[in-house]
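A short write-up of the structure that comes next.
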Amino acid sequence: MDEGKIILQTICPWDANQPADFTRHRLFVQQCQSLLQVARWLYEQRISVDGHRVMIQNACYDSQEFSPALDYLEAVQYSHPYSVFKNDTT
């Protein structure tokens with residue numbers, strides 16, 4: 001269970017017209033993007049902790065989906081084909 005301090009948060013809009021698998025896939029992609037980004041911030045030693053507060057050096061907060069915003073190009077561009085998660089036989 002994750003009991004650490006919050007480094008990055010995401011929001012995933014839910015659309016009742018979309019299949020549940022689509023939303024699960026979107027969350028999976030966000031988790032992958034978040035992992036890539038946080039690993040990069042750790043590698044670049046941009047994360048610091050002061051008590052209960054986590055700070056990312058030179059972070060931007062201009063994203064509606066990620067807070068703080070992704071700034072690692074590989075994380076921003078990460079995608080995984082939705083078709084892999086569908087239960088179809090085509």
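With (1) loosely packed, with under 10 Cβ neighbours inside 10 Å; (2) touching a helix residue (DSSP H, G or I) at 6+ places or on another chain (Cβ under 7 Å); (3) of a type in the set (Gly, Ala, Ser) as the list, and Ala75 as the residue in question, which single condition is left unmet?
All conditions pass for Ala75, except number (1).
Would a scan of region 18-26 turn up a residue that is in contact with a strand residue (DSSP E or B) (Cβ under 8 Å, 6 or more places away or on another chain) and part of a loop (DSSP other than H, G, I, E, B)?
So far as region 18-26 goes, no, none of its residues is in contact with a strand residue (DSSP E or B) (Cβ under 8 Å, 6 or more places away or on another chain) and part of a loop (DSSP other than H, G, I, E, B).
Results for (1) modelled with pLDDT under 95; (2) of a type outside the set (Phe, Trp, Tyr); (3) assigned to a loop (DSSP other than H, G, I, E, B), shown as yes or no for each residue.
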{"residue": "Ser48", "(1), (2), (3)": "no, yes, no"}
{"residue": "Cys60", "(1), (2), (3)": "no, yes, yes"}
{"residue": "Glu74", "(1), (2), (3)": "no, yes, no"}
{"residue": "Ser83", "(1), (2), (3)": "yes, yes, no"}
{"residue": "Thr89", "(1), (2), (3)": "yes, yes, yes"}
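Looking at region 1-15 only, could you name the residues that are out of contact with any Ser or Thr (no Cβ under 9 Å at 6 or more places or on another chain), among the aliphatic types (A, V, I, L, M) and either outside any loop (DSSP other than H, G, I, E, B) or at pLDDT 90 or above (or both)?
Ile6
Report the residue count in region 41-64 for those that are touching a strand residue (DSSP E or B) at 6+ places or on another chain (Cβ under 7 Å), exposed (fewer than 14 other Cβ atoms within 10 Å of the Cβ) and closer than 25 Å to Cys12 by Cβ.
Summing the residues that are touching a strand residue (DSSP E or B) at 6+ places or on another chain (Cβ under 7 Å), exposed (fewer than 14 other Cβ atoms within 10 Å of the Cβ) and closer than 25 Å to Cys12 by Cβ in region 41-64 gives 2.
Testing Val38 on (1) surrounded by 14 or more Cβ atoms within 10 Å (Cβ to Cβ); (2) part of a loop (DSSP other than H, G, I, E, B), one condition comes back false. Which one is that?
(2)
Quick check on my filter: what residues within region 36-55 are under 17 Å from Leu73 (Cβ atoms), out of contact with any Asp or Glu (no Cβ under 9 Å at 6 or more places or on another chain) and in contact (Cβ under 8 Å) with a residue 24 or more places away in the chain?
Val38
The values are calculated or read from the model by the stated rules, or taken from the named source; none is laboratory data. All values reported here derive from a predicted model rather than from experimental measurement. Every residue, glycine among them, receives a Cβ derived from its backbone with ideal geometry; neighbour counts consider all protein chains shown.
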